[in-house]
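The values are calculated or read from the model by the stated rules, or taken from the named source; none is laboratory data. Bear in mind that the values here come from a model prediction, so they are computed numbers and not experimental data. Neighbour counts are summed over all protein chains in view; Cβ atoms, including those assigned to glycine, are modelled from backbone coordinates with ideal geometry. Ligands, DNA and RNA are excluded from the accessible area calculation, which covers all protein heavy atoms including side chains. Shrake-Rupley method; radii C 1.70, N 1.55, O 1.52, S 1.80 Å.
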Amino acid sequence: MRKENTRNLIDIRDLSTKEIDDLIKVANDIILHKEAYAHKCDGKILATLFFEPSTRTRLSFESAMLRLGGKVLGFSEAASSSTAKGETLADTIETVSGYADIIAMRHPKEGAPIVAAKKSFIPIINAGDGGHNHPTQTLTDLLTISRKKGRLENLTIGLCGDLKFGRTIHSLISAMVRYKNIKFILISPKELRLPEYMIKEVLDKNKIEYIETDNMEKYMKDLDILYMTRVQKERFFNEEDYMRLKDYYILDKKKLSTAKEDLCIMHPLPRVNEIATEVDEDERATYFEQAYNGVYIRMALILKCLEGRK
Amino acid sequence: MNIDTIKDGYVIDHITPGNAIKIYRLLNLDKLDCQVALITNAKSKKMKTKDLIKIGKLIDINLDKIAYIDPKATVNIVKEDKIIEKKKLKLPETLVNVCKCNNPRCITSTERNLNQIFNLTNKKEQIYRCHYCESTLEKDHFID
């Protein structure tokens with residue numbers, strides 16, 4: 001059992017633009033021809049190793065594998081794994097590598113998938129590592145943008161909320177900078193601004209236009225995409241800071257009054273208060289469709305990672 | 001001030017004032033049983049003032065550690081009272097087990113038997129990032 005040719009997805013930057021385009025193409029084809037894919041993974045097993053709780057990501061991975069005809073096993077919290085007994089991640093992964101054909105892993109520690117990929121001899125898909133990366137959410141976002149707008153170029157994208165710890169934000173920015181004429185409006189309280197390394201090494205390096213602001217309403221009329229995020233309680237060490245910042249932005253009908261008619265409102269979910277439920281009725285609300293798309297792009301990704309493997 | 005010349009060993013020269021003590025600590029020179037001289041603020045034609053370290057034994061030294069602290073330093077290897085090699089240093093592309101990641105959310109904070117690895121991501125500004133979590137390395141956050 002060797003791992004030299006194992007196809008992992010740790011970071012969205014691991015994928016070329018062509019690979020992303022191909023995944024979107026396959027996902028779109030799956031949406032149109034579900035039956036044609038129903039037995040593509042017969043006899044294959046996906047291990048979902050979730051050391052941190054998740055609803056959407058874990059269930060969408062499991063749904064994706066089941067829809068491809070495969071089977072799933074795994075755990076949904078660290079407490080129900082041998083991690084609770086003090087086992088290292090490396091040992092857990094080496095063991096599970098013998099039980100399944102592919103692993104989707106979420107871990108609260110940043111960089112954990114790199115450790116996993118080094119030990120595993122089956123493909124590892126990063127299903128989120130702390131506040132660091134969440135590449136399959138980004139693929140979901142790209143599929144959603146591409147389906148709603150018909151393009152991944154020429155877009156003004158508002159990113160709103162926790163831009164500091166929001167891993168979906170970091171991955172989305174890293175992915176979008178490769179497309180032409182992308183402009184970002186970075187909307188956050190000053191405590192939750194995009195980290196400096198993202199500004200310097202991703203936006204500035206790629207000569208991407210951006211504006212940092214704490215005023216959502218001011219730029220609403222310019223946006224093609226408004227990507228809302230939750231202020232994540234689990235990323236704060238200080239309860240007081242969390243309480244102060246958690247309801248900083250609440251998107252409601254009134255704030256949308258100046259927005260474009262074809263604005264696409266996205267959110268990786270779960271939401272708490274940052275999008276009022278009255279917005280759900282608005283045709284521009286795309287977040288549930290975004291969650292459904294997560295299954296199809298993960299199906300495409302599983303197929304890609306298992307391609308050519310016995 | 002007179003410091004004995006060394007027969008076999010190293011002279012780490014042209015160290016930016018203030019850095020010699022960091023190199024001394026990082027190389028664990030206090031653990032050696034040979035003569036070690038640490039000179040600070042010595043006069044220098046090139047640098048006005050400089051630090052230098054003399055080590056009276058040919059031990060294994062990790063040049064990456066010295067280069068990380070002070071890439072402008074030079075390392076002279078002395079054998080039989082003669083300098084046989086002058087090593088110019090350059091900022092290492094990767095640091096392994098020299099510094100530790102300060103991010104409490106990094107996998108290196110909990111996983112045992114994991115090398116602490118940092119990659120040079122910005123040569124001009126000498127920025128290193130953790131191989132795992134990509135946090136910026138805080139200068140002088142050395143492994144004990």
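Brief remarks follow.
- Here the sum of -39500 (n - 2.57) over DSSP H runs of 4 or more residues, divided by the residues of the protein assembly as shown, equals -7500 deg cm²/dmol at 222 nm, to the nearest 500.
- Of the peptides B:45-53, A:92-100, the order by per-residue mean of other Cβ atoms within 10 Å, starting with the highest, comes out as A:92-100, B:45-53.
- Positions from region A:110-146 whose accessible area shrinks by 30 Å² or more when the full protein complex is built, not the chain alone, probe 1.4 Å: A:GLU110, A:ILE114, A:VAL115, A:HIS132
- Surface burial for A against B, with a 1.4 Å probe and both sides summed, reaches about 1700 Å² of accessible area.
- The modelled label-to-label distance between A:LYS254 and A:ASP42, using points 7 Å beyond Cα along the C-beta direction, is 5.9 nm.
- Within the shell of other residues whose beta carbon sits under 11 angstrom from the beta carbon of A:LEU306, the net charge comes to +4, with Lys and Arg scored +1 and Asp and Glu -1.
- In the full protein context, the protein assembly as shown carries 49 Å² of accessible surface per residue, based on a 1.4 Å probe and ignoring ligands, DNA and RNA.
- The distance from the alpha carbon centre of region A:247-310 to that of region B:25-104 is 55 Å, rounded to a whole number.
- Neighbouring Cβ atoms from other chains, within 10 Å of the Cβ of residues in B:37-48, number 0 on average.
- Of the beta bridges in chain A, as assigned by DSSP with both residues counted there, near 5 percent are antiparallel.
- Across region A:37-137, C-alpha contacts under 8 Å between residues 6 or more apart give a mean separation that, scaled by the residue count, equals a relative contact order of 27 percent.
- Contact order normalised by residue count of chain A, Cα under 8 Å, 6+ apart, percent: 20 percent
- Counting only protein heavy atoms and a probe of 1.4 Å, the accessible surface of chain B is 47% carbon and sulfur.
- The mean number of Cβ atoms from other chains found within 10 Å of a Cβ in peptide B:125-134 is 4, as a whole number.
- Dipole magnitude of region B:9-88 about its Cα centre (Cβ charges: Lys, Arg +1; Asp, Glu -1), debye to nearest 20: 420 debye
- Per the Debye calculation on chain A with a single equal scatterer at every Cα and no solvent contribution, log₁₀ I(q)/I(0) for q = 0.11 Å⁻¹ amounts to -0.67.
- Span from the region A:42-121 Cα centroid across to the region A:181-219 one, whole angstrom: 33 Å
- For region A:1-110, applying the loop criterion from DSSP together with a ceiling of 11 other beta carbons within 10 Å to the trypsin sites (Lys or Arg not before Pro) yields A:ARG2.
- Positive dipole terminus of the protein assembly as shown, leading residue within A:LEU256, B:ALA37, A:ILE185 (C-beta point charges): B:ALA37
- Percent RCO, i.e. relative contact order, over chain B, from Cα pairs under 8 Å lying at least 6 residues apart: 21 percent
- Taking the Cα centre of region A:57-186 as reference, the dipole from Cβ charges on Lys and Arg (+1) and Asp and Glu (-1) amounts to some 640 debye.
- Placing unit charges on the Cβ atoms only, positive for Lys and Arg and negative for Asp and Glu, gives chain A a dipole magnitude near 780 debye about its Cα centre.
- As a fraction of the 1.4 Å probe accessible area of chain A, surface on carbon and sulfur atoms comes out at 48 percent.
- Protection proxy ranking of B:115-126, B:19-30, by the mean of other Cβ atoms within 10 Å over each peptide's residues and highest first, is B:19-30, B:115-126.
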